[in-house]
Amino acid sequence: MRLQAGDVVAEIDEDWGGRLASLRVGDLSLIVPRREDPLLWGAYVMAPWAGRIRNAEFQFEGQTHTLPRRLPEWAIHGTVLDRRATRIDESAAQSARHTIPLGEEWPFAGHLEQEITLREDGLDWTLAVHTDDAPFPASIGWHPWFPRRLARGDEALLEFRAGRVYERGPDGLPTGALVAPGPGPWDDCFIELEGVPTIRWPSALELTLTSDVDHWVIYDEPEDALCVEPWSGPPDALNIAQRRVELGAPLTASFNMRWQRD
């Protein structure tokens, strides 16, 4: 599906979770294009959990639930990123609404609704995780892959400051402690942001990222890309920071990108 606002074009891949497969601002492509591994390209939604779940299991209301493992050690990044998204509204040229079932891998009946609106100076993305029946825990987030280099300009510079970071244990998941951030590169979850995360490609474009959630994962270890990810909670949230979804009370979040061209 294609959205356009002036010379800004967004392409949404409905076969792969309604993800943002492409975002072009004039001659600049801001999103890493398709790769073989669905975890490593585009900008996709993580639901009904974001990140990794320890031992691929969690407890809710006294019962243990097991999740499928995308990686040998963990369940990771939810169930919707590679599920078919169904378009709700066919009429809009600059916005798109989709619904995506959480699927049989999730032990509860539910679905995700998303809306993406494109503007000449930005993109707005909203999410809502709904139960179709019984309550369940959830977390949600976005996983955008931004290229280190655009078609022109210098390599990306990330401007990001936070007060605390979740300490990671030997398995890479939170220990429960919050500590002062150290130097990058990072694959970490931060809270208490100081200012707005910004990616600048000098002589090309500046991108600012805002959200109404309060956790941000920064993954800038790859040489060719970096990820700045708003989440509703930390990794392993189904075990350490559950958010409850009930009928008529979905878990919601919004993510906004704004750009200025050099």
When the label point is put 7 Å from the Cα of A109 along its Cα-to-beta-carbon vector, which residues of the stretch 128-142 have a backbone N closer than 19 Å?
129-138
How do S22, S203, S254 rank when sorted from fewest to most other Cβ atoms within 10 Å of their own Cβ?
S203, S254, S22
Could you size up the charge dipole of the stretch 25-68 around its Cα centre, putting +1 on the beta carbon of Lys and Arg and -1 on that of Asp and Glu, and report it in debye to the nearest 20?
80
Describe numerically, in nm with one decimal, the distance between label points set 7 Å from Cα along Cα→Cβ at R168 and at Q260.
3.3
Under a Cβ-only charge scheme (Lys and Arg +1, Asp and Glu -1), can you give me the dipole magnitude of the stretch 2-261 about the Cα centre, in debye to the nearest 20?
200
Taking 1 over the mean of 1/r across every pair of different Cα atoms in the chain, what Kirkwood radius in Å do you get?
18.7
Rank-order 65-71, 128-134, 214-220 by packing density, defined as the average count of other C-beta atoms within 10 Å over each peptide's residues, highest first.
214-220, 128-134, 65-71
Taking the simple approach of a point 7 Å from Cα along Cα-to-Cβ for both D27 and E246, what is their distance in nm?
5.6
Note to self: C-alpha centroids of the stretch 132-155 and the stretch 1-30 sit apart, in Å, by 14
Computed about the Cα centre, the charge dipole of the stretch 169-239 from +1 Lys/Arg and -1 Asp/Glu charges at the Cβ has a magnitude in debye, to the nearest 20, of 140
Net length gained if the chain between E36 and E120 were fully extended (0.36 nm per residue, minus Cα distance):
27.2 nm
Starting from the alpha-carbon convex hull of the stretch 1-42, give the projected area averaged over all orientations, in nm².
2.8
Net charge around W142, counting only other residues with Cβ within less than 13 Å of its Cβ (Lys, Arg = +1; Asp, Glu = -1)?
-2
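Coordinate-derived values only; no laboratory data. Just so we're clear, the structure is a prediction, and the values are computed from it rather than from any experiment. FYI the Cβ positions are ideal-geometry reconstructions off the backbone, even for glycines, and counts take in every protein chain you see.
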